[in-house]
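Beneath this line is the structure, given in structure tokens, with notes to follow.
The values are calculated or read from the model by the stated rules, or taken from the named source; none is laboratory data. Predicted model, so just to flag it, every value in this text is computed and none were measured. Here the Cβ positions follow ideal geometry from the backbone for every residue, glycine too, while neighbour counts run over all protein chains shown.
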Ligand SMILES: Cc1ncc(C[n+]2csc(CCOP(=O)(O)OP(=O)(O)O)c2C)c(N)n1
Ligand SMILES: CC(=O)[C@@H](O)[C@H](O)COP(=O)(O)O
Ligand SMILES: [Mg+2]
């Protein structure tokens, strides 16, 4: 059997095929995705689910002139392969390779940069309005959005606008009933009903009520049906909505059966789909330190509640969901709601642990300020994936949180040096701080086997001395202190280096700082967040305010967006690995 994909580099090649050949092409495309992701890793299930839809869209529409926007973009591997990137797809998400998400820098087929969800309808609507204003009335604008992503506030805001816009926009809802974890909420229940009750789709249809030409549900794996419905919609002007039903992981049995794991399964056998066994780590992931500790605390403190916006597995709050479901809330992709929900709970004496990846809290900034900090409500923000996250790249690095949180009054900011510190600050926070606190910790594993020690209370605003010295003071924050420790050992430096783990970005340990500034001529700050406005900046502010003239050097993430690659590669790139730090300390 000939491989149809072999002769296809871009949609112009694709459009030369007879439509009857497309199901065969779908098989080839799936096999290609599976083949590469099996060894190179990445997001799998979402792309497998939209293979037919991807082919149909590029076959029928005049991409890149017609504008196709993918929501999140983790499902766009097929799109990348069919748009000039087949030969480099093996570099997906790797350092110096192509990005894991659509990126305008990478291709003109990638009309909009994504990674965070629920932006596609707004972006496509903006493009459609621009086309109207330019008189390009025949242009098509298509947003492909998943069932979890469409439940987010931003997507609702865009639907509300699009429905009265008369813009030539087609919204395709790719409904597979799951996000990373199973989709939640009333919209999910409505969509489930629509799928089983065609009358409901035709009559009491909430999308129709918002002025869209609604069609569906359509089987998203049936190419002839998809093509004929898309052909029809191409001729309809104004806002249109196509409801497509797909199976996440389609075509790889294991991925269909275990959709949560196969969202991003790591390496697997491309034939059986079986995940390759990794050597079991002796250590625990920070997310599990959080998940296990919060569960332990919640068993004792009945006021504890926990919230996740759609990252039940990633945050490890699934542990608490399994045992205490009535106090664990997966609110879907709704970071803004998650924060204000926590604020409301706190007004009533509950103790909310609001777990949000550092990068996704960016979306709920006003809620943190206006709903939590301004009212001084004791919400406990747990910011997972802080620092460089690796292969997800620029859209996902949690490097801005220190800078964007540090300027907010009332907020305590803590970065644990290790698992024990994380455990103890979670314990301390639920004892009652009468203030909000943000606790930031990284992606991946810790380094202590026996972190499950008896709880001990952490004094707010108290730093610790990790190494005495008397010439250069190194001030670090969070888990980067490990690299600093190693660097101190490696440094070829005659000078005596002291190391302080400041722990709290806010409030700073001013007593210790006074001692440091009075006794060391040179101070180096090290953090895995942005240099601009971050922890180091807070030390410079302290020095200025107190009239200290010491030499201060800030080491951290430079003022640019950091690419994708392994965390170590990226640390090397920005000078935060132990060798780079050792070199710096040696030259000082
Ligand atoms: C603002 C934001 N919050 C959370 C995420 C993490 N995330 C990535 S994909 C995903 C699930 C998306 O589900 P859906 O839209 O249904 O697409 P599917 O994976 O099913 O194709 C989530 C929660 C994100 N990318 N952006
Ligand atoms: C696409 C997306 O936003 C998520 O799937 C993200 O990649 C999850 O990151 P973790 O693997 O760190 O949970
Ligand atoms: Mg989905």
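So, residue 425, is that one in a strand (DSSP E or B) and crowded, with 22+ Cβ neighbours inside 10 Å or not?
No; evaluated as a whole, the condition is false for this residue.
Scan the stretch 558-588 for residues that are modelled with pLDDT under 95 and assigned to a loop (DSSP other than H, G, I, E, B) and report the count.
Number satisfying all stated conditions: 1.
Does residue 122 qualify as being more than 16 Å from ligand 2 (Cβ to nearest atom), crowded, with 18+ Cβ neighbours inside 10 Å and under 21 Å from the mean Cα position of the chain (by Cα)?
Yes; evaluated as a whole, the condition is true for this residue.
From the list 395, 465, which one is surrounded by fewer than 24 Cβ atoms within 10 Å (Cβ to Cβ) and touching a strand residue (DSSP E or B) at 6+ places or on another chain (Cβ under 9 Å)?
The unique qualifying residue is 465.
I'm trying to understand the selection: among the residues of the stretch 311-325, which are touching a residue at least 40 places away in the same chain (Cβ under 8 Å) and more than 16 Å from ligand 3 (Cβ to nearest atom)?
315, 318
Could you list all residues from the stretch 514-539 that are closer than 26 Å to residue 404 by Cα, outside any strand (DSSP E or B) and either under 35 Å from the mean Cα position of the chain (by Cα) or without any contact (Cβ under 8 Å) to a residue 12 or more places away in the chain (or both)?
531, 532, 533, 534, 535, 536, 537, 538, 539
For the stretch 265-283, name all the residues that are under 27 Å from residue 447 (Cα atoms) and buried (at least 19 other Cβ atoms within 10 Å of the Cβ).
Once the filter is applied, which keeps residues that are under 27 Å from residue 447 (Cα atoms) and buried (at least 19 other Cβ atoms within 10 Å of the Cβ), the stretch 265-283 yields 265, 268.
Hand me the list of helices (runs of 4 or more DSSP H) wholly inside the stretch 39-102 holding 2 or more residues that are surrounded by fewer than 24 Cβ atoms within 10 Å (Cβ to Cβ).
The qualifying helices (runs of 4 or more DSSP H) are 51-60.
Can you find a residue that is over 22 Å from residue 61 (Cα atoms), in a helix (DSSP H, G or I) and in contact (Cβ under 8 Å) with a residue 24 or more places away in the chain anywhere in the stretch 132-149?
yes
Scan 242, 227, 223, 233 and give me the residue that is modelled with pLDDT of 95 or more, assigned by TED's automatic domain parsing to the domain that holds residue 50 and over 29 Å from residue 165 (Cβ atoms).
Checking each option against the conditions leaves just 223.
Can you find, within the stretch 540-588, the residue that is nearest to residue 473 (Cα to Cα) among those that are more than 23 Å from the chain's Cα centre (by Cα) and surrounded by fewer than 14 Cβ atoms within 10 Å (Cβ to Cβ)?
This residue is 551.
For residue 283, which of the numbered conditions (1) within 16 Å of ligand 2 (Cβ to nearest atom); (2) assigned to a loop (DSSP other than H, G, I, E, B) fails to hold?
Exception for residue 283: condition (1).
Out of the stretch 241-266, which residues are away from ligand 3 (no atom under 13 Å from the Cβ) and on the phi > 0 side of the Ramachandran plot?
251, 266
Somewhere in the stretch 333-349, is a residue buried (at least 24 other Cβ atoms within 10 Å of the Cβ), farther than 14 Å from residue 308 by Cα and more than 16 Å from ligand 3 (Cβ to nearest atom)?
no
Looking only at the stretch 299-314, which residues are out of contact with any helix residue (DSSP H, G or I) (no Cβ under 6 Å at 6 or more places or on another chain) and either buried (at least 16 other Cβ atoms within 10 Å of the Cβ) or in the same structural domain as residue 181 (by TED's automatic domain parsing) (or both)?
308, 310, 311, 313, 314
Residues are listed down the side, and each one gets a yes or a no for (1) farther than 28 Å from residue 477 by Cβ; (2) within 16 Å of ligand 1 (Cβ to nearest atom):
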position: 292; (1), (2): no, no
position: 295; (1), (2): no, no
position: 299; (1), (2): yes, no
position: 316; (1), (2): no, yes
position: 325; (1), (2): yes, no
position: 348; (1), (2): yes, no
position: 371; (1), (2): no, no
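State whether the residues of the stretch 188-201 include one that is touching a strand residue (DSSP E or B) at 6+ places or on another chain (Cβ under 7 Å) and within 16 Å of ligand 2 (Cβ to nearest atom).
no
Do we find a residue being outside any strand (DSSP E or B), modelled with pLDDT of 95 or more and near ligand 1 (Cβ under 10 Å from one of its atoms) anywhere in the stretch 157-174?
There is no residue in the stretch 157-174 that is outside any strand (DSSP E or B), modelled with pLDDT of 95 or more and near ligand 1 (Cβ under 10 Å from one of its atoms).
Within the stretch 495-503, does at least one residue satisfy the condition of being in a loop (DSSP other than H, G, I, E, B), surrounded by fewer than 22 Cβ atoms within 10 Å (Cβ to Cβ) and in the same structural domain as residue 540 (by TED's automatic domain parsing)?
yes
Here's the yes/no breakdown for (1) within 16 Å of ligand 2 (Cβ to nearest atom); (2) assigned by TED's automatic domain parsing to the domain that holds residue 567; (3) buried (at least 19 other Cβ atoms within 10 Å of the Cβ); (4) within 19 Å of the chain's Cα centre (by Cα):
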{"residue": "114", "(1), (2), (3), (4)": "yes, no, yes, yes"}
{"residue": "131", "(1), (2), (3), (4)": "no, no, yes, no"}
{"residue": "161", "(1), (2), (3), (4)": "no, no, no, no"}
{"residue": "165", "(1), (2), (3), (4)": "no, no, no, no"}
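Please go through the stretch 380-399 and pick out each residue that is within 14 Å of ligand 1 (Cβ to nearest atom), touching a helix residue (DSSP H, G or I) at 6+ places or on another chain (Cβ under 8 Å) and either part of a loop (DSSP other than H, G, I, E, B) or not assigned by TED's automatic domain parsing to the domain that holds residue 298 (or both).
385, 389, 396, 397
Could you list, in sequence order, the residues of the stretch 419-455 that are touching a helix residue (DSSP H, G or I) at 6+ places or on another chain (Cβ under 6 Å) and within 20 Å of residue 378 (Cβ to Cβ)?
If the condition is that a residue be touching a helix residue (DSSP H, G or I) at 6+ places or on another chain (Cβ under 6 Å) and within 20 Å of residue 378 (Cβ to Cβ), then 422, 423, 426, 430, 436, 437, 438, 439, 440, 441, 455 are the ones that fit.
Say we look at the stretch 133-152 and pick out the residues that are crowded, with 17+ Cβ neighbours inside 10 Å and out of contact with any strand residue (DSSP E or B) (no Cβ under 8 Å at 6 or more places or on another chain); which of these is nearest to residue 53 (Cα to Cα)?
Checking each candidate, the answer is 149.
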